[in-house]
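Participant: First the structure, then my questions, so here it is.
Readers should treat all values here as calculations from the given coordinates under stated rules, not as data from a laboratory. All values derive from a computational prediction rather than experimental measurement. A quick note on method: Cβ atoms are made from the backbone with ideal geometry, for glycine too, and the neighbour counts reach across all protein chains shown.
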Amino acid sequence: MEQSGIFISYQMAEAIELIESFDLSKVEEKSKAEENLQELKKRWLNDTLPGTNIKIGNKIAGMQDITIEEVIQLSALAKQAETYTLENAGAFQYILLTNENGEFSFDFEKLDKIATLARKNNKKIIVDSAIVFGDVFPFKIANLDKETISKLIGEYTKILMEKYGDIIDRIDVLNAIFERGQVSNGNNSEEFWIKTFGNNYAQEIIDIVRSKINFSQHNIKLGWNEFYLTNSNFQQRKIDFLNRIKSVRGLDVIGVQDKFMSGEDVEYIVKSLDEISSVCKETNKEVCITEFSCSASGVDLRNGNIETINSKIQSIINTVKNYSSKNDNIKRIEGRVSDKFDFNHKELKDYGFDISTTGKKNIVSERQKHIRESFDNRSQIEVQVYQQIKEKNKMIKQQKSKQKEKKNSKVKILTPASPNNTGSNSNKGFTNVVILSLIVSFVCGALFAIVYMIIRR
């Protein structure tokens, strides 16, 4: 299975939209595009991380280094992908706003930018971290009762359907929430949802969302996206999760959001994927690899070297891709296409962009590698033509060199006389002596005449 879904942040959408508004074949147009991209980068520094008041600054490794050439490649890849996964641009907990009167509203401005690109390229979008998101405690609604929260979720879903129902492929209603305490002890997000909606919170919230999707949009899928499902340190959590999803109605897709780790056993990963796929198939659910990338484990970062880490990452990525291509219940691989636009790649900044969690290094280097490979794989005729051109250029260079030498030999150069010089130089010396003698004689004669005239008087 080829990777068919990609993550698109609103910054990436802005950059693509920018370069596509210029005719980059013209030097002056490309120069303007580069100036505008620099202005975008400056603005990104002052943008805030979704759902917070924290400025992005240079926290996202590589985003400030993106080039026009790399954005061109991203634009091409965006046209090839089937779906665009939003980078938290449509998450309920992030875009929910409240004014001084306590009134709620939703800010879809960032999602609009990605939706514009999706419609332009005739693509579908996936709303990730849509409502229940374990990474963030729902402080904006923490003091509200179940009825009010349910009403807000319904209103959010209704607007989502009205604005983007025509391009939504899937809504990941729940994301990284199940038994979250085992993953991050400081995060009590699931506790809040259990307290508000009960132990069956997943079913309750899926029912609210499903009720706001009209019949004409019935093909939109609802998903539950979880991580650490293939991590051997959380085997019991995986078992508990698979048991939980068996009974959830209206759930169409299970997302494996593992961001695989370089230190994990590849065989265990494949075994877990096989188990997840089997359970989902039994309960009429599909499986998607929803964050296809591989991070460096802490152990590897402390004890390994960059080359070894990248080799492990590439091995895991290739193994998962090969397995997924043979499993008919894994419907899509959705991953990142740019290390530089990845919100999760902190280690890239810390390690000088050498760790490639996408297995791609960066897009430009991949393109250069392709050019080198194409050059090495030339046909015999191409090689012969190349050699002929090379020899012809060599001959032209030699001819120009000879012409230059010939021209230099015609230029007169003044040099001091040498005691070894003969011929014309000697003759010139004799002539000078004769002339000097005549002058002296003439002067002496003149002086003698003047003296004689004075004496006669």
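Participant: In nanometres, what is the gap between the two model label sites at HIS218 and SER325, each 7 Å from Cα along Cα-to-Cβ?
Facilitator: My value for the distance between the label points is 3.6 nm.
Participant: Please work out the C-alpha center-to-center distance from region 235-269 to region 137-210 and express it in whole Å.
Facilitator: Using only Cα atoms to place each centre, the spacing works out to 19 Å.
Participant: Using the Cα gyration tensor of region 134-285, with a ≥ b ≥ c the square roots of its eigenvalues, what is the shape: rounded (a/c below 1.5), prolate (a/b larger than b/c) or oblate (neither)?
Facilitator: The shape class here is oblate.
Participant: Hey, what's the Kirkwood Rh for region 69-148 if you take every pair of different alpha carbons, in angstrom?
Facilitator: In region 69-148 this quantity evaluates to 14.6 Å.
Participant: Need one number: nm distance between label points at GLU20 and THR98, each 7 Å from Cα along Cα→Cβ, rounded to one decimal.
Facilitator: In this crude spin-label approximation the distance works out to 3.8 nm.
Participant: Between region 83-115 and region 276-313, what is the separation of their alpha carbon centroids in Å?
Facilitator: Taking the Cα centre of each part, region 83-115 and region 276-313 sit 29 Å apart.
Participant: What distance in nm separates the two pseudo spin-label positions at LYS79 and GLN235, each 7 Å out from Cα along the beta-carbon direction?
Facilitator: Using points 7 Å along Cα→Cβ, the separation is 4.9 nm.
Participant: Also: Within region 5-40, what residues put their amide N at less than 18 Å from the label point 7 Å along the Cα-to-Cβ vector of ASP112?
Facilitator: 9-18
Participant: Express in % the proportion of alpha carbon pairs of region 77-208 at distances exceeding 27 Å. Let's see the in-between values first.
Facilitator: Working: 1951 of 8646 pairs.
In whole percent, the share of Cα-Cα pairs in region 77-208 beyond 27 Å is 23.
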